[in-house]
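**Q** First the structure, which I've put down as structure tokens, then a few questions once you've had a look.
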DNA sequence: GTTACTAATTATGGAGACCTTCAAAAGTAA
DNA sequence: TTACTTTTGAAGGTCTCCATAATTAGTAAC
């Protein structure tokens, strides 16, 4: 049925209580023992015992007592969120982005390295290496300090961190990303599809906070999805979930072609920039542009509606490059979805911008650590990089 | 992040160990203390302590020692699965079906009561009452003995156990099923869509055992779906998940019309029986019938493919009345799905027959009890019907 | 500068639940 | 009847928690 929690001896109880203390303290400012005791439900003496143990392990640190209070000043303890670091890497078409964050998810350093959209596999991997190296350097870290890294890329990714299929960059197919990045950093290296990471970021620090079921639409030069089900990223049995766009009858391949068909842009405009012109013209009321946007919205809504009907999410999040043009895109999209669906979810625009993938990568790294360092089954492990 | 397990005092540990003992013992024959000690990881004396406590509570019962073994005969204990009962009710078009089962899910009594397909709300509810009363009677139980009941019905159901929308039986819309059935039995009454319950049954005792992600297709006079995601029934934010058939572009409304268009049946055949003739003719090689089946399979595959692409399940299960004709239906369905999907899941036929909905209802009742009686947060509650 | 007040810390005693170890008991097999 | 096997029961010890009381280190008032 549910995974069972094997009981055990007394030390198990201490594990659980240590876990409770860490849980209360994470992501919060320093607390006194009395406050901790109240929030964990433990008695004061027991709380002190647990805290002292966690401090000697290196998870907790005493900070200056708060000044100017009545009574004897209380010792205060904070969670040492700087005990370990994680990386989030976004391998985009034009940019490699690397985020370094602490165990609370506080992003300390951000590095962007441009890369030619035409760059082949080797050149792109070199840019990834450079970006990671630079990020470690400015953060004053070495690869050994990194406890977990997640790499976001377009395409289908298998469980071993290999890109199984990349439509956008054919040369990318087959690249062993986890293995490659693992040369540079310690700890586990996870590889995940970029749309999924963007979806995860939205539930963490975006518009989908606290939502349990979310359909995320990456609308841009490529179209993709990320599904959050029951608060967790849904990958499917073979990591192939969310590929609704592949259904010929709903075809997302066609969707952008509507935008490309637009003839109102200056001659010789890079097809990648064309979309921006269409949205701009639509914004100014150009009838033909509005019609093109509407057709695009309809195609997008077709796949989105299929997902909404299938999953009944609380929220649909519109993200990706085109979400900047939500002012002209969101309404037609909403109308088309309302036309087709039984129950209409809230439909909102992402606010995380182009950092969402890297942010989601950070979050996935943290979730990985959460499972291995602060798990109910094992209690709190020592504050060292977990074995790979 | 994850729901936290508040630590606590020593009694918490006892709770967890009692839970571990119950977990080991459930659904298994009687075990000796030594065996229990081995399987729970507890020491022998502690195991005995826990077992004695559970016995005095009424959860465990001592049985005759196994004869003819070396050494001193060991006491044996079994889980008292008969301490409480659950019901599973299937309100079908032609039949009301009620299953009574013990806490291990062992079905002890089955009652079927026919009801006219044309029966209105009141008449159908009377049949439900009669079926439940009869089941209780033959099982020698009263409503007070029932700890949980789940009712399966077609249509959309809300969290309060009301049928929000029933396409198949318009008069059924708005019926307060949980409230109605609650008059007859004690404990919680859950109401759930029949396709979902059938899906649940498949993961419990059907072909989908051990599969984490499953798309269940109810193919019959109505077409429906049940989604199992991460081993759990997926309902969606407003219990509206799985309604992919409502998408006009994939329309399952059309699907059965292909079967109805068949003209090879004797004049005056009940449209409900028509499908059987089509499948039979197709089985005998009738070209036109084969073509009709193929068109139906294609329509069904369209929605199924959308679900498969969206969720990437390990398994697609074909259930419902038409699954009896899987010999002519499964292959065309499989081909159409293979045409459209990126990764092809296993596609199999249900073997549970027309008891699947009621069986799934039993399972849902048990899962409800599991959460309330054997939860990690609270430990083992006393063996009495939980408060409603 | 002393005294009163406040709230945290430290110390003490006790209870519950677990473990290991060993002797006694209750069977079967020779 | 004796030897062997396995379970049972009892004893002693450890760990972790709790409640309570005494001590300490500050602020506030006089």
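**Q** Among the residues of the stretch A:191-237, write down those that are part of a loop (DSSP other than H, G, I, E, B) and either closer than 22 Å to residue A:351 by Cβ or in contact (Cβ under 8 Å) with a residue 60 or more places away in the chain (or both). It would help to see each step written out before you state the result.
**A** The first filter runs over the stretch A:191-237 and keeps only residues part of a loop (DSSP other than H, G, I, E, B), leaving A:206-213, A:220-222, A:230-231, A:234-237.
Once the filter is applied, which keeps residues that are part of a loop (DSSP other than H, G, I, E, B) and either closer than 22 Å to residue A:351 by Cβ or in contact (Cβ under 8 Å) with a residue 60 or more places away in the chain (or both), the stretch A:191-237 yields A:206, A:207, A:208, A:209, A:210, A:211, A:212, A:213, A:220, A:221, A:222, A:231.
**Q** Could you give every pair whose Cβ atoms fall below 6 Å, whose first residue belongs to the stretch A:46-67 and is farther than 15 Å from residue A:16 by Cβ, and whose second residue is surrounded by fewer than 13 Cβ atoms within 10 Å (Cβ to Cβ), counting only separations of at least 6 or pairs across chains?
**A** Matching pairs, first to second residue: A:57/A:382.
**Q** Right, here's the next one. Would you point out the residue of the stretch A:25-49, among those that are assigned to a loop (DSSP other than H, G, I, E, B) and more than 33 Å from the chain's Cα centre (by Cα), that is surrounded by the fewest Cβ atoms within 10 Å (Cβ to Cβ)?
**A** Among residues in the stretch A:25-49 that are assigned to a loop (DSSP other than H, G, I, E, B) and more than 33 Å from the chain's Cα centre (by Cα), the one surrounded by the fewest Cβ atoms within 10 Å (Cβ to Cβ) is A:43.
**Q** State all residues of the stretch A:110-135 that are part of a helix (DSSP H, G or I) and over 20 Å from the mean Cα position of the chain (by Cα); if no residue qualifies, say none. Full working, then the answer.
**A** At the first step, the residues of the stretch A:110-135 found to be part of a helix (DSSP H, G or I) are A:121-135.
Across the stretch A:110-135, the qualifying residues are A:121, A:122, A:123, A:124, A:125, A:126, A:127, A:129, A:130, A:133, A:134.
**Q** How many residues does the stretch B:26-36 contain that are farther than 13 Å from residue B:374 by Cα and either more than 9 Å from DNA strand D (Cβ to nearest atom) or within 12 Å of another protein chain (Cβ to nearest Cβ) (or both)? Break it down into steps so the answer makes sense when it comes.
**A** First, pick out the residues of the stretch B:26-36 that are farther than 13 Å from residue B:374 by Cα: B:27-36.
Those still in the list that are either more than 9 Å from DNA strand D (Cβ to nearest atom) or within 12 Å of another protein chain (Cβ to nearest Cβ) (or both) too: B:27-31, B:36.
Counting residues in the stretch B:26-36 that are farther than 13 Å from residue B:374 by Cα and either more than 9 Å from DNA strand D (Cβ to nearest atom) or within 12 Å of another protein chain (Cβ to nearest Cβ) (or both) gives 6.
**Q** Follow-up question, since we're still on this one. Among what's in the stretch A:142-168 and is out of contact with any helix residue (DSSP H, G or I) (no Cβ under 8 Å at 6 or more places or on another chain) and not in a helix (DSSP H, G or I), pick the residue that is surrounded by the fewest Cβ atoms within 10 Å (Cβ to Cβ).
**A** A:159
No value in this document is a laboratory result; all are computed from the given coordinates. Values in this document were obtained by computation on a predicted structure and should not be read as measured data. Virtual Cβ from ideal backbone geometry, glycine too; neighbours counted across all protein chains shown.
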